[in-house]
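Visitor: Before anything else, here's the structure in question.
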Amino acid sequence: FESLVKERLGDEAARAVDWSMPRVVCIAGDFTLHDAHAVEEIGRRIDLVSYRDFGGGLLALQLVASVPGSASATPLRTPAPIAGARSADAASDGSTVKSVRQFYDESPQSLRDLYADLDAMLISPADVQKEFQLHYVAYRRIKNVATVRFQPRSHTLVVRLAVNPDTVELVEGFSRDVRRIGCLGTGPLELRIRSHEDLSRAGELVRRSIEGR
């Protein structure tokens, strides 16, 4: 993987690969219950993805199992020190960078209640997986469909969705195109949700992101 990054993006990018919490994606025609149990026992960040080939014209992928893993597990390899690289739990060890869990803990109950409703909306399909990263909460199927950050001072949930901003009527202060903006999270469309009215407005866009539309 490092050789491929080096070939495509150069030496600097290869040295910057963060190996603190790698994720392994295993793709096969089918998996058994023993396979799912095995990845749970391993305790790594592992996804099992099954595929079905419909005659070469259509390939269907389904997330069969997903294990968040543990940041405290022994690394799969010993990486060279990387300046600025942190795992999802690094902020709890005296780091100056606050984790998304810390921002959540500092949020007023009203913002937590708003997030609880957003969370229920995002994980309503059974195959959507939730995982706390350092800077955001990730929701994914095969890939991220949404990421969420907390801004307690402004009582805001910052949500990024996998929706093309060109297909959305952007509203100042609520939605924006972040494809050319350096922001935390994944997805080209950002929503700023401050109330249940905003959450209702976001509902259709959230569904589109989950469904890949």
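The values are calculated or read from the model by the stated rules, or taken from the named source; none is laboratory data. Predicted model, so just to flag it, every value in this text is computed and none were measured. Here Cβ is always computed from backbone atoms with ideal geometry, including for glycine, and neighbour counts include all displayed protein chains. SASA here: full protein model, heavy atoms, side chains in, ligands and nucleic acids out. Shrake-Rupley method; radii C 1.70, N 1.55, O 1.52, S 1.80 Å.
Visitor: If I compute solvent accessible area with a 1.4 Å probe over the protein chains, what percent of it on the chain is carbon and sulfur?
Guide: Heavy-atom surface of the chain belonging to carbon and sulfur, 1.4 Å probe: 51 percent.
Visitor: Over the stretch 93-141, what relative contact order in percent results from Cα pairs under 8 Å that are six or more residues apart?
Guide: Here the relative contact order equals 39 percent.
Visitor: Among all helices in the chain defined by DSSP H, which have a length of 20 Å or more along the axis from Cα atoms plus a Kyte-Doolittle mean of at least 1.0?
Guide: Sorted by number, there is nothing, because no helix extends far enough and scores high enough.
Visitor: Accessible area per residue, 1.4 Å probe, Å², for the chain: what's the number?
Guide: 60 Å²
Visitor: Tell me, which longest segment in the chain has none of the chymotrypsin sites (Phe, Trp or Tyr not before Pro) that fall in DSSP loops with at most 13 further Cβ atoms within 10 Å?
Guide: So the longest stretch without any such site is 55-213.
Visitor: Between the stretch 3-43 and the stretch 149-211, how many Å separate their Cα centres?
Guide: 29 Å
Visitor: Using Cα pairs closer than 8 Å and at least 6 residues apart in sequence, work out the relative contact order for the chain, in percent.
Guide: Across the chain, relative contact order equals 13 percent.
Visitor: Given the peptides 155-166, 175-186, arrange them by the average over their residues of other C-beta atoms within 10 Å, most packed first.
Guide: Per-residue Cβ counts within 10 Å, averaged per peptide and sorted highest first, yield 155-166, 175-186.
Visitor: Starting from 0 in steps of 5 Å, tell me what percent of the Cα-Cα pairs of the chain lands in each bin.
Guide: Calculated over all Cα pairs of the chain, the distribution is 1, 6, 12, 15, 18, 17, 15, 10, 5, 1, 0 percent.
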